[in-house]
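Below is one structure, written out as structure tokens, with a few remarks after it.
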Amino acid sequence: MPLTFFTWILAFLPVLTVLVLMLGLRWGGSRAGAVGWFTALIVSAAFFGAGPQMLAYAQVKAVLLSLDVLYIIWTALLLFHTAAEAGALTSIGRALTALTPDRMMQGLLLGWLFASFLQGMGGFGVPVAVAAPLLVSLGFSPIPAVVMALVGHGWAVNFGSLATSFQTLLAVTNLPGELLAPDSAILLGISSYFCGAIVAFLADGWKGLLRGLPAVLILGTVMSVSQYLLVTNGIWTLGATGGAMVGLLVGLALTRLPFYRRAAVQNTPTAETRQENGRSPRSLLLAVSGYLILVVLAFGINLIPPVSRLMSSVQLNLDFPELATRSGWVTPAGSGRPIDIFGHPGAILLYSSLLAYFIYKKSGSYTSGAEARILSKVARGAVSSSLGILAMVGMAVMMTHAGMTNLLAQGLSLAFGPVYPLISPFIGALGAFITGSNNNSNVLFAVLQMNTAQLLGLPVPLILGAQTAGGSLGSIMAPAKVIVGCSTVGLSHEEGRVVGKVIAYGMLPVAVVAVAVLVMVGIGSP
């Protein structure tokens with residue numbers, strides 16, 4: 001299919017449909033994704049020559065790719081609600097707030113470190129839903145509290161939620177994690193400093209930022225280096241979790257310094273801390289036990305070769321034939337992305353959830369009906385996102401197989417050329433803002449960014465790192481996440497104001513990443 005303005009618009013039509021429905025009409029991801037899928041089906045068949053066989057195989061491949069992600073989403077939510085129902089997150093949050101009276105350090109501990117830890121373990125709106133009410137209970141105003149919790153965890157989204165977004169990036173591009181992890185980690189590590197600095201500023205103004213600068217530099221360094229070491233050694237499922245855990249430990253040590261033990265100007269609670277249904281665990285160790293189990297299992301299964309081989313011995317995979325459109329675009333034959341049934345990150349989350357449940361149950365942390373509440377919350381949180389992922393992955397795979405994504409890449413390469421590295425993070429951020437998640441942004445735009453990088457002769461791992469880093473930071477601005485945060489602190493009619501503030505602060509880390517990408521292209525990606 002030759003590149004013309006008309007054919008480029010046709011190729012862009014499914015994505016444009018999703019953007020208009022989600023941004024203009026405020027549709028959810030599942031509804032907008034379904035319409036986008038149908039649009040891609042019609043356009044690919046009517047204008048790009050995709051036949052029934054190609055479209056059928058594209059949907060089979062899309063289901064396989066979706067399962068790779070949904071396995072994590074469902075089990076990550078299961079672990080989160082297993083711990084939340086036991087009161088574990090409330091206990092952890094209260095323990096952190098009791099460590100220092102310093103307002104700026106409280107903001108960093110809860111709005112940056114604890115929110116990032118929650119993103120590593122659960123994600124999907126969990127950080128702002130848990131951290132924002134805790135900040136309000138310490139005397140922070142509701143709007144700054146929500147903005148702190150949102151901006152603070154932005155750097156941790158890509159390798160958070162057991163690396164769901166990164167797994168999606170690998171799935172849709174069919175590239176190995178060892179190739180893509182380093183640049184992604186570097187860009188997100190750079191952004192982490194700015195996420196922390198913004199939280200310090202929101203917590204205590206310019207004086208708080210200047211006084212907190214040493215802490216931000218120390219914590220940003222230990223978290224970004226820890227994440228980099230984990231993901232470049234194949235443990236990307238624990239990249240954000242490990243980085244945030246190290247950050248929390250160092251942050252706790254910093255609270256013991258006299259410089260950061262200044263009494264808070266205001267520390268009178270202005271709102272009740274959000275309560276969980278069950279009783280809080282009797283000790284902090286019990287509260288974190290579910291997450292400690294996850295860390296031990298993830299490290300053990302990934303780092304002990306005999307265990308790793310055993311757990312990856314049973315795989316779900318399919319072989320796909322060569323497929324061609326009537327206009328001549330060819331998709332080579334090959335295997336789909338294999339899913340390790342017992343060694344998959346989703347499986348590790350499932351094991352951790354079951355063990356955590358028995359520990360909390362034995363300790364008496366659950367009240368009557370806890371099991372039903374856990375399963376109900378998991379279903380409510382996962383069903384809609386699952387439908388959205390299935391629809392959007394199906395749309396993206398159809399577009400790729402029909403040659404539509406390649407045509408979009410050709411147009412972008414001609415339009416932007418040398419400055420493309422500067423806009424690539426903003427493409428990722430735009431996708432996440434509109435679709436509500438970095439995961440969906442990678443589904444929509446990762447292959448497009450990869451093809452554009454190839455056409456322009458740019459380093460593919462770096463451009464894909466820019467895509468997923470931009471999506472990670474852009475996801476904090478998504479209206480859906482803002483609504484979650486506002487609903488937990490009594491701002492149900494103030495979402496518009498909060499979105500504006502989050503965009504104003506959140507665009508800074510995205511811009512920094514864009515400049516970093518341009519510099520790295522110039523000097524050569526590490």
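Out of the residues in segment 153-184 meeting the condition of being surrounded by 23 or more Cβ atoms within 10 Å (Cβ to Cβ), among the small types (Gly, Ala, Ser) and more than 13 Å from the chain's Cα centre (by Cα), tell me which one is modelled with the lowest pLDDT. If we take residues in segment 153-184 being surrounded by 23 or more Cβ atoms within 10 Å (Cβ to Cβ), among the small types (Gly, Ala, Ser) and more than 13 Å from the chain's Cα centre (by Cα), then Ala171 is modelled with the lowest pLDDT. Residues of segment 74-95 that are surrounded by 22 or more Cβ atoms within 10 Å (Cβ to Cβ) and among the aromatic types (Phe, Trp, Tyr): Phe80 alone. Condition first: without any contact (Cβ under 8 Å) to a residue 40 or more places away in the chain and assigned to a helix (DSSP H, G or I). Can you find one or more residues in segment 160-171 that meet it? Among the residues of segment 160-171, not one is without any contact (Cβ under 8 Å) to a residue 40 or more places away in the chain and assigned to a helix (DSSP H, G or I), which makes the answer no. Within segment 290-340, the residues that satisfy the criterion of being more than 30 Å from Ile92 (Cα to Cα), in contact (Cβ under 8 Å) with a residue 40 or more places away in the chain, surrounded by 13 or more Cβ atoms within 10 Å (Cβ to Cβ) and out of contact with any strand residue (DSSP E or B) (no Cβ under 8 Å at 6 or more places or on another chain) are Thr325, Ser327, Trp329, Arg337. Taking segment 341-381 as the range and being touching a residue at least 60 places away in the same chain (Cβ under 8 Å), surrounded by 14 or more Cβ atoms within 10 Å (Cβ to Cβ) and in a loop (DSSP other than H, G, I, E, B) as the test, the residues that pass are His344, Ser363, Ser365, Tyr366, Thr367.
Of the listed requirements (1) within 26 Å of Ala480 (Cβ to Cβ); (2) without any contact (Cβ under 8 Å) to a residue 60 or more places away in the chain; (3) surrounded by fewer than 24 Cβ atoms within 10 Å (Cβ to Cβ), Ala98 misses just one: (1).
Per-residue answers, yes or no, for (1) surrounded by 18 or more Cβ atoms within 10 Å (Cβ to Cβ); (2) out of contact with any Asp or Glu (no Cβ under 6 Å at 6 or more places or on another chain); (3) in a helix (DSSP H, G or I); (4) not hydroxyl-bearing (Ser, Thr, Tyr):
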position	(1), (2), (3), (4)
Met1	yes, yes, no, yes
Phe6	no, yes, yes, yes
Phe12	yes, yes, yes, yes
Leu21	yes, yes, yes, yes
Trp27	no, yes, no, yes
Ala32	yes, yes, yes, yes
Gly36	yes, yes, yes, yes
Ala40	yes, yes, yes, yes
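Among residues of segment 230-256 that are more than 22 Å from Asp183 (Cα to Cα), those with a Cβ under 7 angstrom from a residue that is among the hydroxyl-bearing types (Ser, Thr, Tyr) and not in a loop (DSSP other than H, G, I, E, B), sequence gap 6+ or separate chain, pair up as Leu254/Tyr260.
Of all residues in segment 172-191, exactly one satisfies the criterion of being assigned to a helix (DSSP H, G or I) and either without any contact (Cβ under 8 Å) to a residue 40 or more places away in the chain or aromatic (Phe, Trp, Tyr) (or both), namely Gly189. The set of residues in segment 353-377 that are within 25 Å of the chain's Cα centre (by Cα), of a type in the set (S, T, N, Q) and closer than 19 Å to Leu294 by Cα contains only Ser353.
Leu462: more than 19 Å from Ala185 (Cα to Cα) and touching a residue at least 24 places away in the same chain (Cβ under 8 Å), yes or no? Here the answer is no, as Leu462 does not meet what is asked.
Whenever a residue of segment 44-58 is in contact (Cβ under 8 Å) with a residue 40 or more places away in the chain and among the small types (Gly, Ala, Ser), its partners that are crowded, with 17+ Cβ neighbours inside 10 Å and not in a loop (DSSP other than H, G, I, E, B), lying with C-beta atoms within less than 6 angstrom and at least six residues away or across chains, give the pairs Ser44/Met398; Ala50/Ser44; Ala58/Val397; Ala58/Met398; Ala58/His401.
Is it the case, given these coordinates, that Leu65 is assigned to a helix (DSSP H, G or I), at pLDDT below 90, closer than 22 Å to Leu169 by Cα and within 30 Å of the chain's Cα centre (by Cα)? Against the criterion (assigned to a helix (DSSP H, G or I), at pLDDT below 90, closer than 22 Å to Leu169 by Cα and within 30 Å of the chain's Cα centre (by Cα)), Leu65 qualifies. If Tyr71 passes every condition in (1) surrounded by 24 or more Cβ atoms within 10 Å (Cβ to Cβ); (2) part of a helix (DSSP H, G or I); (3) in contact with a His (Cβ under 8 Å, 6 or more places away or on another chain) but one, which one does it miss? Unmet for Tyr71, out of (1) surrounded by 24 or more Cβ atoms within 10 Å (Cβ to Cβ); (2) part of a helix (DSSP H, G or I); (3) in contact with a His (Cβ under 8 Å, 6 or more places away or on another chain): (1).
The values are calculated or read from the model by the stated rules, or taken from the named source; none is laboratory data. In this text, all values refer to a predicted model and were calculated from it rather than measured experimentally. Note: ideal-geometry Cβ built from the backbone for every residue, glycine included; neighbour counts use all protein chains shown.
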